[in-house]
Amino acid sequence: SGQSSSEYKVGSVACEYPITNQVGTENRLRYVWINTLSPPKINPNGDEKLSDWFDGVQKVDLNFGELSSQIISFGEGTYCGPPYFVPKRRLSGYSPTEHDEDDGYIVIFLYRSERHSSDVAILDSKTMRNLCMMELDFHIPYSFHGEFLPDFVISKTSP
């Protein structure tokens, strides 16, 4: 897309839709991914202005009560829906350890308000590095959310 994301290393002001790796949930989970507000912008008069909508995503380390990543934002006028965690490995009986619990992908639907369309971003869930940006020709309603269910298959049945 030719657009890059902005990164900020600050505390989250507000957040919604926390998501974890749901594979092997019998263990205490260490990481959570949230959508959040990017840091306040300074207006020409010196006042701080927060975004009116969630425009970033962030990884949080629950063991240490600290932020594991910078806030990832995708540019002015771009708003992030809730993150979805998709594990890289889905094996029968697989249980993540604290070393690989965050081994997967974060999928985010983005609303581009300036062109009234949506994109899909895929981030590496360990590093929060942007791996892929898919530009869509249509608009997905902002804050569209759901859940990744690895064992759920929709099959077409005859009436």
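Nothing in this text is a laboratory measurement; each read-out follows from the coordinates by a stated rule. Computed from a predicted structure; not experimentally measured. Ideal geometry is used to build each Cβ from the backbone, glycine not excepted, and the neighbour counts take in all protein chains shown.
A few comments on the model shown:
- Nearest-0.05 FRET efficiency for GLU16 and SER113, computed from C-beta distance (R0 25 Å): 0.85
- Label-to-label distance, LYS88 versus MET134, with points set 7 angstrom from Cα along the beta-carbon direction: 2.0 nm.
- Calculated from backbone phi, Karplus (6.51, -1.76, 1.60) coupling profile of the stretch 107-115 in Hz, x at Gly/Pro: 10, 9, 8, 10, 9, 9, 5, 5, 10
- At R0 = 41 Å, FRET efficiency that the Cβ-Cβ distance of ASP124 and LEU50 yields, to 0.05: 0.90
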